[in-house]
Each structure stands twice: as structure tokens, then as C-alpha cells.
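Here's the structure we're looking at; comments come further down.
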2 protein chains.
Amino acid sequence: MNGSTKPVITLAHGNGGSLMHKLVNDVFVRAFGGTLAANPADSAILEINAGRIAFTTDSHVVTPLFFPGGDIGSLAVNGTVNDLAVMGARPVYLTCGMIIEEGFPVETLERIAASMAASARAAGVSIAAGDTKVVEKGAADGIFINTSGIGVFDGEAMGRAPRGLSSIRPGDAVITSGTIGDHGIAIYAGREGINFETDLKSDCAPVTALTMAAMSASPNIRIMRDPTRGGLATTLGEFAAGQSFGIEIDETRVPVRDDVAGACELLGFDPLYVANEGKIVLIVPSADADSVAAALRKIPIGAGAAIIGRVTGDHAGTVSLRTAVGGHRIVDMLAGDMLPRIC
Amino acid sequence: MNGSTKPVITLAHGNGGSLMHKLVNDVFVRAFGGTLAANPADSAILEINAGRIAFTTDSHVVTPLFFPGGDIGSLAVNGTVNDLAVMGARPVYLTCGMIIEEGFPVETLERIAASMAASARAAGVSIAAGDTKVVEKGAADGIFINTSGIGVFDGEAMGRAPRGLSSIRPGDAVITSGTIGDHGIAIYAGREGINFETDLKSDCAPVTALTMAAMSASPNIRIMRDPTRGGLATTLGEFAAGQSFGIEIDETRVPVRDDVAGACELLGFDPLYVANEGKIVLIVPSADADSVAAALRKIPIGAGAAIIGRVTGDHAGTVSLRTAVGGHRIVDMLAGDMLPRIC
């Protein structure tokens, strides 16, 4: 006799009927509470104190589901929070769309929901609406989570949101909030069962405190982004593409943890292309660069903030790296395969 | 020599780099245009002329991807539009999150994007932001699409949005906007390759014209819903659950197409539980029932609107069906398996 059969998700949990209602109530409403509990209908009704909003979406297919420093739940919350925060908005509401493979353990789903709830609390957002679909065994790999989010422009965000690419000028400074590549290498290690014998973990975190601190320190932030898939190089490449300016980065100033640098060398990765989930990269007027970097360093996850380069009038449309030995090379956006399902 | 190799999605299309940028521009920005093209950043910045919004999410995993009357693209747009519309809101913005299996034909993706674009135009919404993830072959079944949406309360919607469950009173009338079960049976037929030798197709459509017409006809709509997964019976069960009223439906008044009724009898389904994607069910004061039904019938997709039952003070918390032969039976929410991946 086997008395330890653990409950798993069945197709009936996704059919809209009574089992789905029970799952939603037992797992999601219990974990997320608040706004979701007050909005049992298909849409949440929300009061937004601002005419201007930021609206974004991100699906998460990361593998493994749990990794050093986070899990698919914290990643799903922070990924969308960060897409809103870098626009200068204050993230307020998320939705949560789950696609679950038949046979997925309910216990694992509960762990993920608890992680999402804790991450939402930490990021100051409410999960306002959700949806659950179940597909047959083999039709998905465990669980995929979409989060969409709304951010508002109030308080500091009201007048200081970045003006965007068109406001960038030669001479502007490029700043990163800390070491790059931590997330991607932590995921890779988790996936391959590699133990780096260090405390390397994903930097997965909400960046709202960083973006708000930067806007407090400067009324003229040009642009902010979270360099996730494709890494710092791809984000900078997106900034420069088709523009009348170039970007120059000093390799020696880009902060990279020793273990991340070592792993990249071993694995043939360039840390400039490795994903981050709790970092921002900013372009600010050079006059404000020191004060913005100092403001970022006062936030624990911004302690490693550094001015890593500048905007130039040369090599318009491209990103150039000044290497440690004094040479220059063009840094393209990520082209081929690298680490799939990093987020 | 094979010169006809069709382009397919690769893992590199999901890595955040240059191939993904090209795919997003060539397929999604080209199809969706407008708001998406103006918002190349991770979040769209939108002006919302209302303090109150509706916010919802829905993931779509339907199989087959193309079926009589629609496809996963039209379903993804209309599913989220309808969740907003039944709250009394005017749907305005959607996001689109794609999870695509490696090897998926680019041509099929383009067909789906074109369908989403046409459906968005027909529903009067803009696709404002998107996300694309690619998973390895076998880790998903073709394509899954999440849409999240925002609706506003302006114009008719401003003061006439349904007051919700707590406003429902014994004597109120229950109305459906037309025949039930069309979507579910059309999907089933498409999946099994069954040809009903009729013109049966999914009712997939935006219901905004219906909800706006209903609110124009009555300032006191109690509640509106789109009876999708779980069908009419489950939606009515959600209305009644835990409430101090019951709902009574006349079986002979519930409109069901002959081919849907025949297929249900053959397959052992109850049309009350079969999904709809372009219908609404409403509860309205009895004094307004005829005018609401008449207003719905003026909309082409509401031509079959019918008053199908009433709210009672009896059998609180449950839905009762008065059968064609004069008996009564309790109608529970959908319990077991039925048609998985119907939406």
C-alpha cells in the first residue's frame, strides 16, 4: 500500500469547472490574497491615480524552475516589475497567467505561488488577476508563467521619467548598477549541476529602488534598461542601433565577479552577453554621473554601481569596447545560440 | 536538391539578440503596427483617460491552432477583449506574450499574427507590448499565446458598469445573447476531423458591441459574463455559489443549434457545459429584460438573444434546470474532464 501519493495537476484543473475553482482558491487566492481575492471576476477593477501608465508583458520558461537565488516565481514577478521600473514608472499591479503540464505536483505549484507572493510583497505590487491553463503531459515542460504589469507615474516618477533615446548626447555617461552575468551563470550552474564552490547566485530582484534613486539623483536620466536576455552588450546595442551616436565601454570598468568571469572563460561565454535579472544600465548626462552612481551605491543591490563608459560622436550606431590591453573591438548584439530558457 | 525549405523558429529567435529583434520587427511590429511600433521599449507608455480600469490576463493553448470560425490568434484577442467587456469596460490595449516551440514554421506565425492584428482592429484595441520566448522542440506544443488587457470606463461604460453579484435580486431575468456550445463543438470537430455537413463554426468574436448595447438599454445590469470554459452552466454556477438566491433556467428556452445538440447527444456532452467564445450571459432586472434582449438582437452576433430563466429566492446557492418534460434538476459547475485545450 502506498499512502504517500502526492496530488498532481490534472486536465480537469484547467477546464474552468469546480476543480479549477478549488485550485485557484486553495493555491493562488490563498497565496496572493488582497486584490485578487477582492476581484473574483475575470478582470480586476482597479483605481489608477494617473493618466499615464506603463504596460508590459513577459512570459517565463526558465529551466530549472528553482535555481540559486530564485525560482520561476520570483523571476516572473521581478522580470515584469523591472520592465516597468526602467521606464521610470512605479510598478503597481501584475497579472499571472499559468500554463501547467498535466502531472505537475501541486506542492511545487504552491512553492512557486508562495515565491510569487513574497516577491510581489517585496516589490510593492499586487497580483490583481490570473488565469490557469492545463495541457496534456508532454505538451509543455512543467510550467510556464506569464506576468503582465501596470506601472504608474506619480511621486518622483511623475516628472523625472527618462526621456528616451532621442535625449542621448555625446559625452553622456553609461552606468551599470553592479556586476554582470550573475543570473545567466547561476542558471547554467543550476541546470548542469555545477557547483562553483562560491556563493554565486542569480541577482534576481526588483530594481525599483535603483530606478527611483537614480531619478532622485538626476532630473535628466536619458534612458534606463534591465539587461536581461542578451546581456549588457545587447542592451547597449539596442540603444545605439540606428542612432547618430556611438557607445564606448571600458572593459576594465565593467564589474564582473571572479567566479562568473572564470565560468565564462571555461564555458566560452562572454559575460557582456550573459543575462542579468536585478541590474540596470543607465545613460545620464556626464555632470550627473557621479551623483547617480553614488545614489545607486546606497541601495544594497546597487553597491557595485560603476561608470563603465560614455556616449561618443564617433562610430555612430555601434558599441565599441576598449579592451584591457588597450585595443578596441565592436560589440554586436547577441547573434547565435547561447543559453536558451534563461528566463 | 531541396530548394523549398521553409523558415522555422529557432532557439536563437528567443535569446534576446539580433535574430529576435528581426523576428519581432518582421512579424509582430509589421502586423500589429501603431502602438507597438511607437513603443519599442520593454513597456508601452500609454495615456489612459480614466481613473478606473479593468485589467485581465488569459493564456491560450487551443488545439488545433486553426479551426472553423477562428484560430489561436483571434481567440487570444477576443478572449481577453471579452473578459474586459463583460465588466462593462471598453477594451483599449492588449499585450501579447508568445511561447513558441523550436521548429515552428515562420509562415504559420505570420498567419497567426495577421489574424491577431485583424481581430484587434475589429475589436477596437491596440496591441501595445509583446514578448517572445522560444523553447526546445518537445518542450511546448507549437505555440501558446498569452494576452493581457486593459479596459477603461468612459462613455456609456462610465456610469452603467454592472454592479456585480451583490446587486442581484429574486425576480431578475437571465439572458443569453445567442446559441450555446458552438465554439466547443467546432473545436472538437476541427480536432477530430469530423465534418458535420453543416456550417457550424466557432462563435469566436468580440462581445463589446453586445455589452455596450445592453448597458445602453438598461442602467441596472446586475452582472455580465462570457461563458467560456465550463460553459453556461459553470458561469451560472459561479453567479449562484454561496449567494442567498438561486437561479432557475428553462431548458426549452436555452438556444442550441440543431447540429450542436446532435453532436452533444452523439458525444455524450451537455451543451450547457460546452465553451462559447462570442456569447454573453446577463442578469438584469425583470422590468428591463425585454428591452435588453431587444437591444442585443439588433447586433448581428446577438440575433439569437433569449430570456432563459430567472433568479429565485428558492434553492439558494444553486442553479436549477426546468427540463423540457417539466422536471427539475440541479446543475452543478463542470466537475470532471471534458474537452481540454478548448481555448
In segment A:315-325, residue nearest to the other protein chains (Cβ to nearest Cβ) [restricted to those that are crowded, with 18+ Cβ neighbours inside 10 Å and among the hydrophobic types (A, V, I, L, M, F, W, C)]: A:Val319
Quick check on my filter: what residues within segment A:160-217 are part of a helix (DSSP H, G or I) and touching a strand residue (DSSP E or B) at 6+ places or on another chain (Cβ under 7 Å)? A:Leu165, A:Ala186, A:Ile187, A:Gly190, A:Thr208, A:Thr211, A:Ala214
Need a quick list: helices (runs of 4 or more DSSP H) entirely within segment A:224-343 having at least 1 residues that are over 22 Å from the mean Cα position of the chain (by Cα) and free of Cβ contacts under 8 Å to residues at least 24 places away in the same chain. A:258-267, A:286-297
Here, helices (runs of 4 or more DSSP H) confined to segment A:28-145 with at least 1 residues that are under 16 Å from the mean Cα position of the chain (by Cα) are A:72-85, A:106-123
Give just the number: which of (1) open to solvent by less than 40 Å² (accessible area, probe 1.4 Å); (2) more than 9 Å from chain B (Cβ to nearest Cβ); (3) touching a residue at least 60 places away in the same chain (Cβ under 8 Å); (4) farther than 19 Å from A:Thr80 by Cβ does A:Ile145 not satisfy? (4)
If we ask which residues in segment A:43-79 are modelled with pLDDT of 95 or more, within 21 Å of A:Val27 (Cα to Cα) and within 9 Å of chain B (Cβ to nearest Cβ), their number turns out to be 3
Return a yes/no flag: does segment A:100-123 have any residue that is in contact with a Ser or Thr (Cβ under 9 Å, 6 or more places away or on another chain) and closer than 19 Å to B:Thr80 by Cβ. no
Please find, within segment A:326-343, the residue that is nearest to the other protein chains (Cβ to nearest Cβ) out of those that are at pLDDT 90 or above and open to solvent by 40 Å² or more (accessible area, probe 1.4 Å). A:Ile330
Given the conditions (1) in contact with a Ser or Thr (Cβ under 7 Å, 6 or more places away or on another chain); (2) assigned by TED's automatic domain parsing to the domain that holds A:Arg225, and given that A:Ala335 satisfies all but one, which numbered condition is not satisfied? (2)
I'd like to know if segment B:92-105 contains one or more residues that are more than 13 Å from every other protein chain (Cβ to nearest Cβ), open to solvent by less than 30 Å² (accessible area, probe 1.4 Å) and at pLDDT below 95. no
Of all residues in segment B:279-294, count the ones that are touching a Gly at 6+ places or on another chain (Cβ under 8 Å) and either open to solvent by less than 10 Å² (accessible area, probe 1.4 Å) or not assigned by TED's automatic domain parsing to the domain that holds B:Ser177 (or both). 0
Of the residues in segment A:112-134, those that are within 17 Å of A:Leu11 (Cα to Cα) and surrounded by 24 or more Cβ atoms within 10 Å (Cβ to Cβ) number 3
Of these, B:Thr234, B:Thr312, which one is surrounded by fewer than 23 Cβ atoms within 10 Å (Cβ to Cβ) and assigned by TED's automatic domain parsing to the domain that holds B:Ala214? B:Thr312
Considering only segment B:32-39, I want to know if a residue exists there that is under 28 Å from A:Tyr93 (Cα atoms) and without any contact (Cβ under 8 Å) to a residue 40 or more places away in the chain. yes
Any chance segment B:167-183 includes a residue that's closer than 30 Å to A:Asp141 by Cβ and either touching a residue at least 12 places away in the same chain (Cβ under 8 Å) or open to solvent by less than 10 Å² (accessible area, probe 1.4 Å) (or both)? yes
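The values are calculated or read from the model by the stated rules, or taken from the named source; none is laboratory data. Predicted model, so just to flag it, every value in this text is computed and none were measured. Cβ: placed from backbone, ideal geometry, glycine included. Neighbour counts: every protein chain shown. Each accessible area value is taken on the protein alone, full model and side chains, heavy atoms only, with ligands, DNA and RNA left out. Shrake-Rupley method; radii C 1.70, N 1.55, O 1.52, S 1.80 Å.
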